[in-house]
Amino acid sequence: MSVDLAPSFAIVGHPNEGKSSVVSTLAEDDSVRITPYPGETVSCQHFPVLLDGSVVLRFVDTPGFQSPRATLAWLKEHEAPDMLSAFVRAHEHDSEFRGECELFRPLIEGSGIIFVADASRPLRPVDRAEIEILRMTGIPRMAILNNKDETTEYLKSWREELRKYFNSVRVFNAHRVTYAQRIALLESLKGIDQEGEEALTRVIEAFALDWQRRMKLSAEIICDLIRQCTTCRITKRLPDGADTRTVLSELEVLYRQEISRIEREAHQAIKKLFKHNIFDYRMPEQSIAAHDLFHRKTWRVLGLGPLQLAAAGAAAGTTIGLGIDAATAGISFGVFALGGSLVGAGSALVGGKRMARARIRGPKIGGVQLSGSIGGMQVEVGPNTALQFPYVVLDRALIFSAHAINWAHGKRGGKKGREAEVSPKGYIASLGKNQRDVAGRYFHALRQGKDDLIQNTRRAMADMIAEVLSMISKGELSQGDPSDQQE
Ligand SMILES: Nc1nc2c(ncn2[C@@H]2O[C@H](COP(=O)(O)OP(=O)(O)O)[C@@H](O)[C@H]2O)c(=O)[nH]1
Ligand SMILES: [Mg+2]
């Protein structure tokens, strides 16, 4: 173990098998250099894992073996307790053994061994040489089979062979691994090394607490996001002689931008909590379910223009009288657009009071009365009072969070700005009735705008979201499979 008593593990193996990807994922550090070209890493890189500012665990990424067979031959001739140091002294300036010299340094300093091999190809003689070297060191060691292309054909023979030489063998896909699998891997690291067991137990406990903390903070962020979205409004004084229609459509654009900004900021905050820097994932702006109740296209099909849309939209929340059940039943919230359609749904033009009342009474009035230019009038877009709106915001936040939670840090090369792949049903469809009721009460409180009611319902809402995120992180909840266990 290293000086500060934090357990340390060196990640060794053949170049290009996924060592750096494993380190990146285990350390939740997406700054680890990962390249498709073997042999680019020439020196060790240290990746401390910090919790509350102190190092609790260290991973050392190594360049990998370079000349394993020659190295093995040398070690066999010089077998002794300090053979690794002797090897480094003898080969320090020999470029043929640069990889081995680098790789042995952390082992000499007390790191445990994590051997990474790509099990999607058969075991070769060169692998056997590497395995034999590691066995000879006598250092506690675990083998990770990183199935790069997910072929399982060779997995069994790899496993059987490695079992003979390693204290523990685990399959771990650096690109797909979840939080639960990461913890399981740490658990088995505990088993390979009695000395580090206690420290690792503390690390795992601290990780579990930290993970819960992230779920809770994400839940708070999502509660705030929904509050901000459902109360967002953009107001502008209508200048003399201005065309209301033009001003309104400008405001609609601003409103939509504002909602997007609020959403983006919340999602970024969640992304940061899960330590993602290069992860770039965007929710689709537009709905693919073109016939959702408030979708702009639907309105267009009905022959309604933006003004009628605003007026009807403002009325919709109150007069159409969708119940919570109707709002949640089978509607594809996850793919609901946050933009256009829903803006329309909640837009309200508030003029002089007389105007506002007159307009809101019936959709017909919209186009007619507001077409003239009226001095001193206020134009306002929002808040969006559609019952579905907060569900949409919640669902999009859950879909985004699920990706931030389950995206392995070692995974690279995704296209920039990937759009979310969302199932037609988001997570809302998978929630139980109790969970939906909790959400419904919070949303109702937000609509009422009463602070005490909001306070009273928010706690349960945040707890519910944290629980849902936790289920997502354990793979117990996925998009669109109704669980309804709580009913
Ligand atoms: N598809 C897939 N590719 C992987 C996986 N692990 C590593 N790779 C890719 O394999 C290449 C080498 O990975 P890297 O971690 O740099 O290997 P290293 O040389 O052993 O450190 C990179 O292009 C990785 O993106 C995996 O689990 N799945
Ligand atoms: Mg590497």
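The values are calculated or read from the model by the stated rules, or taken from the named source; none is laboratory data. As the structure is a computational prediction, the values presented were derived from the model and not from experiment. Neighbour counts are summed over all protein chains in view; Cβ atoms, including those assigned to glycine, are modelled from backbone coordinates with ideal geometry. Heavy atoms of the whole protein, side chains included, go into the accessibility calculation; ligands, DNA and RNA do not. Shrake-Rupley method; radii C 1.70, N 1.55, O 1.52, S 1.80 Å.
Among the residues of region 132-147, are any modelled with pLDDT under 90 and within 23 Å of residue 25 (Cβ to Cβ)?
Going residue by residue through region 132-147, those that are modelled with pLDDT under 90 are 146-147.
Filter once more, so that each one left must be within 23 Å of residue 25 (Cβ to Cβ): 146-147.
Among the residues of region 132-147, at least one is modelled with pLDDT under 90 and within 23 Å of residue 25 (Cβ to Cβ), which makes the answer yes.
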Checking residue 17 against (1) more than 13 Å from ligand 2 (Cβ to nearest atom); (2) within 23 Å of residue 192 (Cβ to Cβ); (3) charged (D, E, K, R), which test does it fail?
-> (1)
Output the number of the condition that residue 29 fails; it satisfies all remaining conditions of (1) at pLDDT below 85; (2) more than 12 Å from ligand 1 (Cβ to nearest atom); (3) farther than 22 Å from residue 183 by Cβ.
-> (3)
Find all pairs meeting these conditions: Cβ atoms under 9 angstrom apart; at least six residues apart or on different chains; first residue within region 19-41 and assigned to a loop (DSSP other than H, G, I, E, B) and open to solvent by less than 20 Å² (accessible area, probe 1.4 Å); second residue within 6 Å of ligand 1 (Cβ to nearest atom) and modelled with pLDDT under 80.
-> 30/412
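Go over the candidates 77, 100, 92 one by one and state the one that is exposed (fewer than 14 other Cβ atoms within 10 Å of the Cβ) and at pLDDT 95 or above. Don't jump to the end; show me each part of the working.
Details: 100 fails: exposed (fewer than 14 other Cβ atoms within 10 Å of the Cβ); 92 fails: at pLDDT 95 or above.
The match here is 77.
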Just wondering, is there one or more residues in region 114-134 that are closer than 19 Å to residue 197 by Cα and either more than 16 Å from ligand 2 (Cβ to nearest atom) or β-branched (Val, Ile, Thr) (or both)?
-> yes
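For region 53-92, what are the residues that are among the acidic types (Asp, Glu), out of contact with any Ser or Thr (no Cβ under 9 Å at 6 or more places or on another chain) and in contact (Cβ under 8 Å) with a residue 12 or more places away in the chain?
First pass over region 53-92, keeping only residues among the acidic types (Asp, Glu): 61, 77, 79, 82, 92.
Cutting the leftovers down to out of contact with any Ser or Thr (no Cβ under 9 Å at 6 or more places or on another chain) gives us 77, 79, 82, 92.
Answer for region 53-92, where residues must be among the acidic types (Asp, Glu), out of contact with any Ser or Thr (no Cβ under 9 Å at 6 or more places or on another chain) and in contact (Cβ under 8 Å) with a residue 12 or more places away in the chain: just 79.
Can you say whether residue 57 is open to solvent by less than 10 Å² (accessible area, probe 1.4 Å), assigned by TED's automatic domain parsing to the domain that holds residue 95 and part of a strand (DSSP E or B), as far as the supplied structure shows? Before the answer, list the steps.
Working: open to solvent by less than 10 Å² (accessible area, probe 1.4 Å): yes; assigned by TED's automatic domain parsing to the domain that holds residue 95: yes; part of a strand (DSSP E or B): yes.
Taking the combined requirement at face value, the residue satisfies it.
Looking at residue 198, is it more than 22 Å from residue 29 (Cβ to Cβ) and either part of a strand (DSSP E or B) or open to solvent by 20 Å² or more (accessible area, probe 1.4 Å) (or both)?
Numbers: more than 22 Å from residue 29 (Cβ to Cβ): yes; either part of a strand (DSSP E or B) or open to solvent by 20 Å² or more (accessible area, probe 1.4 Å) (or both): yes.
Judged against the criteria, residue 198 is a match.
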A careful count of residues in region 220-278 that are open to solvent by less than 50 Å² (accessible area, probe 1.4 Å) and part of a loop (DSSP other than H, G, I, E, B) gives 5
